[in-house]
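Chemist: Here you go, one structure.
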Amino acid sequence: MSTIPRDAPHRNDRKERRERLRRERDERRAQRGREATRRDKGLGFAYLIAIFAAVLLLLPLSGLISRDERDPAECVPSYSKCLDPEASDYDCEGEGDGPRYTTGPIVVTGADPFRLDPDEDGFGCI
């Protein structure tokens, strides 16, 4: 006649209970992660846009990029510096074949008729 040790069922019960608690804990953590993802979804792009807008607004104030004091009608509206629309071409100082040159950095918005922003990141003559 064989006898089963008295504590054998308890060991299995404890092991099963530990496994069940571990699964429940993991499920709670996963649920919190899903909720955080849903809550934060799309905020990364919004933060990026807000930072970019702040940079564009603050650069002219910092003096790094400033509009010339000339009448805007006399300037190409795509550039933060006043460039003569009658010029055949502008190049960044130290580059290109001219006939006119400008210094940077320049914020480029919209059309880039003088191709001062070849990588199209919004900044020219950097």
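Chemist: Could you work out how much longer the chain between Asp13 and Leu48 gets when fully extended? Use 0.36 nm per residue separation minus the Cα distance between them, nm to one decimal.
Modeler: Using 0.36 nm per residue and subtracting the Cα-Cα distance, I get 7.4 nm.
Chemist: Fewest to most neighbouring Cβ within 10 Å: what's the order for Val55, Val108?
Modeler: Least crowded to most crowded, the residues run Val55, Val108.
Chemist: Please work out the Kirkwood hydrodynamic radius for segment 65-126, using every pair of different C-alpha atoms, and report it in angstroms with one decimal place. Don't jump to the answer; show the numbers that get you there.
Modeler: Details: mean 1/r = 0.0868 Å⁻¹.
Radius from the Kirkwood sum: 11.5 Å.
Chemist: Here's another thing I want to ask about it. Each label point is 7 Å from the Cα along the Cα-to-Cβ direction; what then is the distance between the points at Leu56 and Arg23, in nm?
Modeler: Going from the Leu56 label point to the Arg23 one covers 5.3 nm.
Read-outs: derived from the displayed coordinates by stated rules, not from any lab. Small disclaimer: the values here were computed from a predicted structure and weren't measured. Neighbour counts run over all protein chains shown; Cβ positions are idealised from the backbone, glycine included.
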